[in-house]
Amino acid sequence: MRIAMIGTGYVGLVSGACFSEFGVDVVCVDKDAAKIEGLHANRMPIYEPGLDALVADNVKGGRLSFTTDLKSAVSGADAVFIAVGTPSRRGDGHADLSYVYDAAREIAQSLTGYTVVVTKSTVPVGTGREVERIIRETRPDADFDVVSNPEFLREGSAINDFMRPDRVVIGAETDRARAVMKQLYRVLYLIETPIVFTSLETSELIKYAANTFLAAKITFINEIADLCEAVGADVHDVARGIGLDGRIGKKFLHPGPGYGGSCFPKDTLALVRTARDKGAPLRIIETVVAINDERKRKMADKVVAACAGSVEGKSIAVLGLTFKPNTDDMRDSPSLEIIPALQKAGASIRAFDPEGMEEARHMFSGVTFCENAYETLQSADAMVVLTEWNEFRALDFERVKSLLRAPILVDLRNIYNPADMVAAGFQYVSIGRPT
Ligand code: UGA
């Protein structure tokens with residue numbers, strides 16, 4: 001089997017590398033020559049644990065290669081995956097599909113023999129049909145099927161999510177297309193991974209329904225956490241108590257400063273817009289979007305309250321800037337709301353993130369970036385944990401206390417035990433847990 005992966009962003013690169021690990025011959029294509037050159041030198045454009053080794057192994061094994069030449073990659077391929085970006089369109093929140101449709105046109109011109117054209121990017125319902133129309137219009141003689149195969153990869157654990165998924169969803173409407181997809185995922189068949197075959201539209205909707213449901217689940221526990229604070233209950237015990245009910249499930253019930261990242265904020269907004277346009281509004285998700293936006297701002301108030309009601313003229317040490325650990329991704333990170341709000345309230349900010357600093361430097365103004373956690377804490381009036389990187393879990397708290405001007409610790413990810421922190425002499429504030 002040979003496939004072409006169009007787009008070497010997060011989804012394309014991880015999927016391409018993983019398919020090659022499955023024994024498929026993969027050519028990854030990108031218009032960005034510098035990116036391809038970097039990949040030839042095994043320089044990853046993103047930080048994802050294990051990706052560089054996986055890429056290096058498969059390049060060495062001759063199963064994975066990179067090129068800017070879409071035509072040569074597509075002609076003769078059994079399947080062509082479209083994994084280009086679908087950012088939020090400015091102004092209306094719809095997904096911007098111009099890269100997807102441009103790719104479809106280019107692919108159409110290079111098709112030779114029967115080819116399955118797969119949309120891997122997250123695309124609104126109806127996109128697969130439109131890709132089909134575009135290819136048909138560009139190349140009326142082409143022999144192809146369009147398939148939707150959404151990804152459910154989480155940044156930071158994407159390789160494991162690809163290799164050992166809960167399920168694979170494939171919107172394929174012909175036997176020929178289904179046969180090609182089955183062959184590509186042969187390895188997952190062997191480990192009895194459920195493969196859900198559907199229509200194009202259903203598969204596209206499954207992706208959005210999954211992400212919006214998870215966003216709603218997080219938002220639910222975040223609101224329960226607020227209620228816990230009001231009534232003196234512990235949100236972790238509530239999450240465990242409800243999560244052990246198999247109908248609810250214990251995952252994605254960890255409270256925090258609001259969900260961020262490149263997927264949930266964009267996908268919730270896009271589905272809300274689609275649902276409105278189709279006359280079937282998703283009011284529950286509309287509310288989730290509003291609550292999550294508001295929550296990020298409310299987190300700055302929580303820090304201010306912990307600092308005796310004012311951060312005016314105070315120095316706040318922020319640990320973690322990315323939207324979650326094990327990634328360098330800053331997109332829609334809660335830090336982008338919380339830090340400017342604290343600056344507006346008069347605070348000066350010192351910050352450190354293990355992987356996100358390079359991107360973060362362009363995204364904030366007036367922030368002092370530090371080399372490590374301890375340097376960040378130097379003479380700060382409070383420490384605030386914004387991202388739950390492992391290295392922040394095991395700090396030397398005697399040293400932390402000696403560095404801080406006041407032992408105030410605001411933990412917006414609940415990575416420390418309240419009793420331990422109080423015993424260590426901190427004024428400790430976390431989310432939804434009594435101290
Ligand atoms: C998410 C989905 O989990 C993937 O299944 C999906 O493939 C991906 O979007 C996508 O559509 O591409 P990702 O954005 O990488 O993956 O990150 P998550 O681990 O889902 O976290 C998203 C946000 O929710 C983060 O800000 C995280 O801190 C927050 N979160 C997550 C919580 O606040 N609580 C939780 O219990 C879980």
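Key figures for this structure:
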{"item": "Any hit, segment 226-238, residues being near the ligand (Cβ under 10 Å from one of its atoms) and surrounded by 14 or more Cβ atoms within 10 Å (Cβ to Cβ)", "result": "no"}
{"item": "Verdict on residue 348 being touching a residue at least 24 places away in the same chain (Cβ under 8 Å) and among the small types (Gly, Ala, Ser)", "result": "yes"}
{"item": "Matching residues in segment 336-347 - criterion: being more than 19 Å from residue 416 (Cβ to Cβ) and either within 12 Å of the ligand (Cβ to nearest atom) or in contact with a helix residue (DSSP H, G or I) (Cβ under 9 Å, 6 or more places away or on another chain) (or both)", "result": "336, 337, 339, 340, 341, 342, 344, 345, 347"}
{"item": "Residue 208 vs. criteria under 30 Å from residue 389 (Cβ atoms), touching an Asp or Glu at 6+ places or on another chain (Cβ under 8 Å), among the hydroxyl-bearing types (Ser, Thr, Tyr) and near the ligand (Cβ under 10 Å from one of its atoms)", "result": "yes"}
{"item": "Subset tally (residues that are among the basic types (Lys, Arg) and over 23 Å from the mean Cα position of the chain (by Cα)) for segment 145-182", "result": "3"}
{"item": "Yes/no for residue 377 being crowded, with 21+ Cβ neighbours inside 10 Å, more than 23 Å from residue 258 (Cβ to Cβ) and more than 25 Å from the chain's Cα centre (by Cα)", "result": "yes"}
{"item": "Residue within segment 242-264 that is in a helix (DSSP H, G or I), modelled with pLDDT of 95 or more and under 28 Å from residue 89 (Cα atoms) present", "result": "yes"}
{"item": "Residue 142 being at pLDDT 95 or above, surrounded by 19 or more Cβ atoms within 10 Å (Cβ to Cβ), farther than 25 Å from residue 268 by Cβ and more than 17 Å from the chain's Cα centre (by Cα)", "result": "no"}
{"item": "Helices (runs of 4 or more DSSP H) (entirely within segment 150-213) containing at least 2 residues that are assigned by TED's automatic domain parsing to the domain that holds residue 48 and buried (at least 19 other Cβ atoms within 10 Å of the Cβ)", "result": "158-163, 175-184"}
{"item": "Residue tally, condition in a loop (DSSP other than H, G, I, E, B), touching a residue at least 40 places away in the same chain (Cβ under 8 Å) and more than 14 Å from the ligand (Cβ to nearest atom), over segment 297-335", "result": "3"}
{"item": "Boolean, residue 221 is surrounded by fewer than 21 Cβ atoms within 10 Å (Cβ to Cβ) and either near the ligand (Cβ under 10 Å from one of its atoms) or not polar (S, T, N, Q) (or both)", "result": "no"}
{"item": "Close pairs from segment 123-137: first over 13 Å from residue 103 (Cα atoms), partner aliphatic (A, V, I, L, M), Cβ under 7 Å, at least 6 apart", "result": "123/95; 123/97; 123/100; 124/95; 124/270; 125/205; 129/200"}
{"item": "Residue 267 over 19 Å from residue 161 (Cβ atoms) and among the acidic types (Asp, Glu)", "result": "no"}
{"item": "Options 117, 131; residue that is in contact with a helix residue (DSSP H, G or I) (Cβ under 8 Å, 6 or more places away or on another chain), assigned to a helix (DSSP H, G or I) and away from the ligand (no atom under 16 Å from the Cβ)", "result": "131"}
{"item": "Among the candidates 399, 413, 433, residue that is within 16 Å of the ligand (Cβ to nearest atom), of a type in the set (Lys, Arg) and touching a helix residue (DSSP H, G or I) at 6+ places or on another chain (Cβ under 8 Å)", "result": "433"}
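The values are calculated or read from the model by the stated rules, or taken from the named source; none is laboratory data. Computed from a predicted structure; not experimentally measured. Cβ atoms come from the backbone with ideal geometry, glycine included; neighbour counts cover every protein chain shown.
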